[in-house]
1. Name the single residue that is nearest to the chain's Cα centre (by Cα) among those in the range A:73-102 being more than 9 Å from chain C (Cβ to nearest Cβ), under 24 Å from residue C:14 (Cβ atoms) and surrounded by 21 or more Cβ atoms within 10 Å (Cβ to Cβ).
2. What is the number of the single condition among (1) within 14 Å of chain C (Cβ to nearest Cβ); (2) over 30 Å from residue C:94 (Cα atoms) that residue A:38 does not meet?
3. Going by the structure shown, is residue A:10 over 17 Å from residue B:72 (Cα atoms), more than 9 Å from every other protein chain (Cβ to nearest Cβ) and surrounded by 24 or more Cβ atoms within 10 Å (Cβ to Cβ)?
4. Checking residue B:63 against (1) within 14 Å of the chain's Cα centre (by Cα); (2) surrounded by fewer than 19 Cβ atoms within 10 Å (Cβ to Cβ); (3) at pLDDT below 95, which single condition isn't satisfied?
5. Go through (1) part of a helix (DSSP H, G or I); (2) modelled with pLDDT of 95 or more and name the single condition residue A:34 misses.
6. Considering only the range A:22-36, state which residues are out of contact with any helix residue (DSSP H, G or I) (no Cβ under 8 Å at 6 or more places or on another chain) and surrounded by fewer than 21 Cβ atoms within 10 Å (Cβ to Cβ).
């Protein structure tokens, strides 16, 4: 068990259909987070929402081109999160997408299974 | 890109089946947030939970009247969130529903697509 | 309406397939939270992620043994959350699972329906 009382919770609010180089932005972000050895990343899909463009998206509408809101949550220590925010910045610029990124303080306790 | 290091993350924990004037409370809240020009809102649906009434709701039970927990996440600057909390208060009172509202500090970075 | 400006938001990041004594860990945690009278708990299922073991899990892969990431969110006052963290600790140790636990400060407003 490791405790870090000065960690950060990074949350990225984007759309499911946002693409970069033909691939989903959320996949690109999660794979990059793993590549850089961040402690973990979780992608959550919303059922309704609006963001930078203020269009309402909802799972109730029977449209083919759904663009439901996604939240990607990433937890790690301050300096790793700060470096990752720079990468996120480049992804937003490259993909030319709108979205929100929030950074919150959090105390983090990390458990590692001894074997499984 | 706009950075606001004094922003707030508002989260509203309610039930999927909560209604106000015949409409889902979560829809009413999201539409109100957009109407007031808040930066974004995302509704997430849980698979299990309990809230103010402490009844356990779970997607495992094959009941017709599911009431899965929802979380609505809204991010914006302090004064806009404070005003929106008053609106949420009135919605909770009007609908006579139980629930939790949490307000956290967050640094927010907002990206706007230049065209799309 | 009750306001608590010194509350805590506890978030537990585990896998859907994590088991303790043959039962899902997330169920065990939610039931324990209710048993102890915590204010509420919500389980959210991710569509993609990685955690302590850094394996990527995604709902896109058609595997039988999916292990999608889960986030359990629990809100209550400081001393109740601190006691619950000890219980979570024992569950992680007993189940020998990896995962993250984050604790954030939050202002909490609690609404209770007068009748329903």
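The values are calculated or read from the model by the stated rules, or taken from the named source; none is laboratory data. All of these numbers come straight from a predicted model, not from anything done at the bench. Methodologically, a virtual Cβ is constructed for each residue, glycine included, from the backbone with ideal geometry; neighbour enumeration extends over all protein chains shown.
1. A:74
2. It fails just one condition, (2).
3. It is true that residue A:10 is over 17 Å from residue B:72 (Cα atoms), more than 9 Å from every other protein chain (Cβ to nearest Cβ) and surrounded by 24 or more Cβ atoms within 10 Å (Cβ to Cβ).
4. Of (1) within 14 Å of the chain's Cα centre (by Cα); (2) surrounded by fewer than 19 Cβ atoms within 10 Å (Cβ to Cβ); (3) at pLDDT below 95, only one is false for residue B:63: (1).
5. Condition not satisfied by residue A:34: (2).
6. Scanning the range A:22-36 gives A:22, A:23, A:24, A:27, A:31, A:34, A:35.
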